[in-house]
Amino acid sequence: MSASQASNGIISDLLATRRVIVCCGAGGVGKTTTAASIAVLAARQGKRVLVLTIDPSKRLAEALGVSQHAAAPVAIPQERAREAGIEAAGGSLEAWMLDPKVVADQAVRKIIGDEIRAARFLQHRIYIEATRMIAGMQEYTAMKALHKYITDTAYDLIVLDTPPSRHALDFLDAPSRVAEFLEGRIFKLFLPSEQGFFRRAASSVVHKVISGVLGEDLAQDLEEFFGLFSGIFSSLNQDLSVTRQFLAGPQAAFLIVTSTSEAARTEARFFLDRTRELGLPVSGIVLNRSHAVEQVALSKPDLAPKSLESQVWSKLEAFQTLEDQRRERDLGILAEIRAWLGERGEVLALPWISPAQEGLGMLLELARGMVRR
Amino acid sequence: MTVTKIAPQDVVLADSRIELPVAAAQALSRRIHLVTGKGGVGRSTWSAVLARQFAARGYRTLLAEITEPGQAYSPLARLWGQDDFGVEPRALETGIDGVALSPRRGQELFLSRVIHVEALAKAALASEAIRKLLDVAPSFRELGVYYHLLTLLKLLHINGAERFERVVIDLPATGHTLALTGLPEILGRVITRGPIAEALREGQRILNSESLTAAWVIALPEPLPVTESFELIAGLKRTHVPVGGVILNRLRKDPFNPLERQVVEGWIREGRSIPGYRAAVELGENRAALERLLNLVKEPVVRAPDLEDIAREPKLVVAELASMLIESVTRTDSGGVA
């Protein structure tokens with residue numbers, strides 16, 4: 001079948017031409033596993049690969065044999081690299097399960113430079129509370145970490161597994177919300193040192209509102225926080241816009257991961273439309289856990305009639321009938337998704353992997369499924 | 001507390017009805033229901049099912065999701081053929097109003113209540129700086145949602161009773177859920193006095209009340225979702241939200257008796273080629289996950305059948321599950337099944 005030949009080539013094509021592959025989609029569709037398998041595949045081709053994930057997945061950490069709370073990327077253990085055929089190919093695979101607080105602290109230290117000021121900032125209670133809050137921080141962290149690695153040459157390929165998010169594009173939007181806020185013009189209103197009548201008048205309204213709503217203590221803390229933060233705003237902002245530009249450019253690709261469920265598909269469609277609006281390069285859609293990839297045909301063995309075995313066999317045949325119906329349905333879904341993309345991208349249906357396959361074995365099996373045929 | 005270990009032979013997979021433990025049926029008599037779970041487990045479906053069930057039993061029901069209207073795809077609103085819910089409750093069908101719990105709307109409600117000088121409130125809302133601050137400052141979005149919810153809970157019906165007797169809230173994925181339920185504690189550390197602190201305490205009184213609120217953790221009978229539901233329960237408990245139970249969704253029907261099952265499991269272990277291989281393997285996975293869940297959690301486990309091969313359209317799935325749930329609730333109420 002020529003169509004499936006073409007679609008099985010998409011991952012190889014991307015690996016040959018891109019430096020960053022972003023996996024996105026609704027929660028629970030196998031995004032993290034897909035991202036890790038792509039990384040394994042690339043490393044088996046001899047690339048130096050980094051897989052960045054925000055979802056603190058224990059299963060993935062175990063599969064790769066890396067720690068969940070590292071401060072920097074961790075290479076997978078040598079015996080696993082050997083087992084996965086990475087060592088023989090001369091590639092390398094590192095993984096980093098980002099801890100938002102670790103990344104934020106590093107950013108602050110790097111930007112402030114002065115150790116004493118940095119320490120004061122890191123201990124500020126608003127900063128500490130801010131990094132504990134999950135919403136927004138994960139997205140911000142992903143963009144921040146990505147920035148670091150697109151601006152150096154330590155890796156040939158970075159695979160980013162986007163944060164689990166109801167709003168699929170939050171990871172792009174949330175940092176830009178932060179960035180907008182951080183624009184000097186706006187935040188200066190909060191700074192006590194600003195002079196000029198209008199500024200001061202505006203600042204006093206803002207101050208009254210804030211202290212009325214938040215209480216005087218917090219208002220003062222906020223002012224102090226913004227004061228400390230002032231030096232690092234423009235730098236953060238710049239990093240984010242560099243990352244966004246890179247993601248819109250020719251070295252990046254977005255893959256939307258979906259399952260066959262209608263909810264996941266509708267979200268994938270929504271995501272596709274939005275990324276197109278934003279001018280981001282969606283290269284393809286990965287259909288996970290479908291029945292669309294053909295299973296091996298088999299012949300009926302000789303079983304004594306009316307035996308327990310033959311009874312079980314006929315019940316299993318009923319299962320097969322259901323499986324066939326599911327396959328029929330999923331082929332329809334595959335065609336539908338292909339139609340969304342038209343000429344502008346490819347669809348790849350990944351094979352189903354038995355849950356008995358776990359760890360690295362599962363990732364390898366999926367990686368093989370990405371290039372099979 | 002000792003938990004009786006569940007033996008494999010006691011694990012019964014769903015038939016075409018919902019198994020509703022008595023404790024779970026009792027939790028359904030509370031007013032506020034928080035529906036949560038990892039993405040893709042059927043959270044929106046179950047939010048809609050609970051709302052339907054309440055409405056069918058005659059309660060004025062509010063179905064809420066957390067979103068800024070027009071900004072994100074809403075699977076819940078789609079069930080009623082709408083793009084999204086509005087920030088004001090709007091009738092979806094008889095007995096059910098839908099609403100978007102919006103950070104912005106909540107912030108507006110809050111500001112106009114606490115800032116008594118009207119000109120100042122207006123100036124504040126018009127100020128770009130305040131807007132931006134509310135958008136990005138940590139927790140302010142959650143605070144808006146929180147306040148919006150509090151306001152809706154206080155609405156009165158024309159007869160003087162509560163306007164909404166049952167409130168079902170479709171909560172976002174794990175991290176965001178705990179950011180919301182943990183808000184009073186996290187924000188309370190920073191803000192100890194003033195109107196925000198008051199609102200948080202008021203919310204805490206309601207959401208942490210065993211007689212008013214029940215959180216439902218939706219899960220699938222697969223290893224990862226089961227682990228995550230266990231972690232989510234622990235998180236909810238940490239934030240003092242009473243857990244109504246786990247709703248184990250999409251359990252496949254098991255046609256095998258214990259002897260037959262041994263044969264199937266043996267064949268799978270031997271790596272023999274059998275028809276319906278994937279379905280058989282997944283059935284085993286279902287059983288193992290259910291067994292593990294029953295042994296891991298003390299909370300009641302509601303078991304719901306997989307309707308994948310019967311109904312694909314989300315609307316039909318909701319209708320089917322809702323009528324099964326109503327049947328189970330009625331059965332439990334009349335003392336039929338424990």
* **Single residue of the stretch B:145-172 satisfying the filter (away from chain A (no Cβ under 14 Å), modelled with pLDDT of 90 or more and part of a strand (DSSP E or B)) that is nearest to B:F54 (Cα to Cα)** => B:R166
* To do: Output the residue which, of all residues in the stretch B:186-215 that are in a strand (DSSP E or B) and touching a Leu at 6+ places or on another chain (Cβ under 7 Å), is surrounded by the most Cβ atoms within 10 Å (Cβ to Cβ).
  => B:A215
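Residue-wise test of (1) surrounded by fewer than 23 Cβ atoms within 10 Å (Cβ to Cβ); (2) more than 20 Å from the chain's Cα centre (by Cα); (3) under 30 Å from A:V257 (Cβ atoms); (4) within 11 Å of chain A (Cβ to nearest Cβ).
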{"residue": "B:R31", "(1), (2), (3), (4)": "yes, no, no, no"}
{"residue": "B:G37", "(1), (2), (3), (4)": "no, no, yes, yes"}
{"residue": "B:Y59", "(1), (2), (3), (4)": "yes, no, no, no"}
{"residue": "B:L62", "(1), (2), (3), (4)": "no, no, no, no"}
{"residue": "B:A77", "(1), (2), (3), (4)": "yes, no, yes, no"}
{"residue": "B:D84", "(1), (2), (3), (4)": "yes, no, yes, no"}
{"residue": "B:A91", "(1), (2), (3), (4)": "yes, yes, no, no"}
{"residue": "B:V99", "(1), (2), (3), (4)": "no, no, no, no"}
* Structure fact -> Given (1) part of a helix (DSSP H, G or I); (2) out of contact with any Lys or Arg (no Cβ under 9 Å at 6 or more places or on another chain), A:L41 misses just (2)
* So B:E308, is it touching a strand residue (DSSP E or B) at 6+ places or on another chain (Cβ under 8 Å) and at the interface with another protein chain (Cβ under 10 Å from one of its Cβ atoms) -> yes
* Asked: Do you know which residues across the stretch B:95-121 are out of contact with any helix residue (DSSP H, G or I) (no Cβ under 7 Å at 6 or more places or on another chain) and at pLDDT 90 or above?
  -> B:D97, B:A100
* In the stretch B:244-286, what count of residues is obtained for those that are in contact (Cβ under 8 Å) with a residue 12 or more places away in the chain, in a helix (DSSP H, G or I) and more than 9 Å from every other protein chain (Cβ to nearest Cβ)? -> 3
* To do: Quick one: A:E317 ticks every box in (1) outside any loop (DSSP other than H, G, I, E, B); (2) under 31 Å from the mean Cα position of the chain (by Cα) except a single one, so which number is it?
  => (2)
* Within the stretch A:327-364, tally of residues that are at pLDDT below 90, part of a helix (DSSP H, G or I) and among the charged types (D, E, K, R) -> 2
* Structure fact -> Here the residues within the stretch B:267-290 that are among the aliphatic types (A, V, I, L, M), over 20 Å from A:E309 (Cβ atoms) and either touching a helix residue (DSSP H, G or I) at 6+ places or on another chain (Cβ under 6 Å) or surrounded by fewer than 19 Cβ atoms within 10 Å (Cβ to Cβ) (or both) are B:A288, B:A289
* To do: Could you tell me which of the residues A:L303, A:L280 is at pLDDT below 85, in contact with a helix residue (DSSP H, G or I) (Cβ under 6 Å, 6 or more places away or on another chain), assigned to a loop (DSSP other than H, G, I, E, B) and crowded, with 19+ Cβ neighbours inside 10 Å?
  => A:L280
* Does any residue of the stretch B:317-324 turn out to be within 13 Å of another protein chain (Cβ to nearest Cβ), touching a Ser or Thr at 6+ places or on another chain (Cβ under 8 Å) and assigned to a loop (DSSP other than H, G, I, E, B)? -> no
* To do: Would you be able to tell me the number of residues in the stretch A:264-306 that are more than 20 Å from B:Y277 (Cβ to Cβ), of a type in the set (S, T, Y) and more than 10 Å from chain B (Cβ to nearest Cβ)?
  => 2
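Does A:P250 count as more than 9 Å from chain B (Cβ to nearest Cβ), touching a Pro at 6+ places or on another chain (Cβ under 8 Å) and either of a type in the set (A, V, I, L, M) or loosely packed, with under 14 Cβ neighbours inside 10 Å (or both)?
yes
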* Structure fact -> Here the residues within the stretch A:313-366 that are over 24 Å from A:R265 (Cα atoms), open to solvent by less than 50 Å² (accessible area, probe 1.4 Å) and at the interface with another protein chain (Cβ under 9 Å from one of its Cβ atoms) are A:W313, A:L316, A:F319
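The values are calculated or read from the model by the stated rules, or taken from the named source; none is laboratory data. The structure displayed is predicted, hence computed values, not measured ones. FYI the Cβ positions are ideal-geometry reconstructions off the backbone, even for glycines, and counts take in every protein chain you see. Protein only, heavy atoms only, side chains kept; ligands, DNA and RNA dropped before computing areas. Shrake-Rupley method; radii C 1.70, N 1.55, O 1.52, S 1.80 Å.
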